[in-house]
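Just below is one structure, and these are the notes that go with it.
The values are calculated or read from the model by the stated rules, or taken from the named source; none is laboratory data. No experiment lies behind these values; they were computed from the predicted model shown. With ideal geometry, Cβ positions are generated from the backbone for all residues, glycine too; neighbour counts draw on all protein chains shown.
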Amino acid sequence: MTAAIEKDEGHEKQDIKDTLHDLLDSSYPLLHKFREACPGTYKHSQSLASMVEGVSIALDLDVVFMRVAALYHDVGKMANPKYFTENQLEDEDPHKDLDSWISSQIIGRHVSDTVNMLINDEKFPRKMIEIISQHHGNSVMMYFFKKSKKDVEDLYRYKCSKPTCIESAVLMICDHIEATSRSLTQAGKYDGTKIIDSTITSLLDDGQLDDVVMRLGDLKKIKEALGRELEGIYQKRVDYDKAEEEKNDARGKNEE
């Protein structure tokens, strides 16, 4: 390889790196629009990006690439923001009077909406868009399946490809765990270790990670990194809430 070719390749890699950093800038038009239209989803994506960063470091993946993928993985929800719980006000639920299958179709299309938005922006690498398109695989939308009280799970599956590389597997695992952790924390039922183990086991049992080449050592690193991330994000919140509750109980007793 000549020095000129090496120089050109070096410039190309730097250009890609600079482009990815541009996409992380909160003033980037698509990101700004996303934050305004879907504040709840945007917060979820920020938490996910932090979680994905820790796992990516543990697996020696491209951290900036993975942060961008996590931050933009749900931008398609801008098409129907109020149909997603994280963007709803209290007692606001447009699914309440909808057929469960119709609801699942509205929710499921956010993946294709995301792909359509990103593919029209030349700054997003095609590999990243492919990874984002796989973050739900063909998993079951369990809430709507159970609500339907029907026996055919396949009617309520995402119509997407399963993860085909470790990057898309990491995005899928972290996305499930972030959403579950947030939900259980709000319900006062948070258990980080249990969430990690049950989520990964469920994805494996459902065949979502069958097409990913991964060593057992990688899976161990993912679990350990997630444990550290969850402790930093959610465990401190749980401990704080518990301390506040105990303080209020003590205050109440003193006032009796």
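Values as computed for the structure displayed
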read-out: Which numbered condition Gly188 misses (of (1) touching a helix residue (DSSP H, G or I) at 6+ places or on another chain (Cβ under 6 Å); (2) farther than 19 Å from Leu59 by Cα; (3) surrounded by fewer than 20 Cβ atoms within 10 Å (Cβ to Cβ); (4) not acidic (Asp, Glu)); value: (1)
read-out: Residue in the stretch 162-178 that is of a type outside the set (Phe, Trp, Tyr), under 18 Å from Ile107 (Cβ atoms) and surrounded by fewer than 15 Cβ atoms within 10 Å (Cβ to Cβ) present; value: no
read-out: Some residue of the stretch 70-87 being more than 27 Å from Lys33 (Cβ to Cβ) and aliphatic (A, V, I, L, M); value: no
read-out: Qualifying positions in the stretch 144-196 - within 17 Å of the chain's Cα centre (by Cα) and acidic (Asp, Glu); value: Glu167, Asp175, Glu178
read-out: Among the residues listed as Asp91, Asp97, the single one being surrounded by fewer than 17 Cβ atoms within 10 Å (Cβ to Cβ) and at positive phi; value: Asp91
read-out: Residue identified as among the charged types (D, E, K, R) and closer than 17 Å to Ser45 by Cα among Glu86, Glu90, Glu130; value: Glu86
read-out: Subset of the stretch 142-152 (residues that are surrounded by fewer than 22 Cβ atoms within 10 Å (Cβ to Cβ) and either among the basic types (Lys, Arg) or in contact with a Phe, Trp or Tyr (Cβ under 6 Å, 6 or more places away or on another chain) (or both)); value: Phe145, Lys146, Lys147, Lys149, Lys150
read-out: Cross-chain or 6+ apart pairs with Cβ under 6 Å, the stretch 196-210 first and free of Cβ contacts under 8 Å to residues at least 60 places away in the same chain, then loosely packed, with under 12 Cβ neighbours inside 10 Å and basic (Lys, Arg); value: none
read-out: Tally, over the stretch 41-84, of residues that are surrounded by fewer than 19 Cβ atoms within 10 Å (Cβ to Cβ) and among the β-branched types (Val, Ile, Thr); value: 3
read-out: Among the residues listed as Ile102, Ile119, Ile106, the single one being buried (at least 16 other Cβ atoms within 10 Å of the Cβ) and among the hydrophobic types (A, V, I, L, M, F, W, C); value: Ile106
read-out: Tally of residues being closer than 21 Å to Arg228 by Cβ, polar (S, T, N, Q) and modelled with pLDDT of 95 or more across the stretch 165-183; value: 0
read-out: Selected residue (criterion: nearest to Phe65 (Cα to Cα)) from residues of the stretch 22-54 that are assigned to a helix (DSSP H, G or I) and acidic (Asp, Glu); value: Glu53
read-out: Flag if Ser45 is touching a residue at least 12 places away in the same chain (Cβ under 8 Å) and polar (S, T, N, Q); value: yes
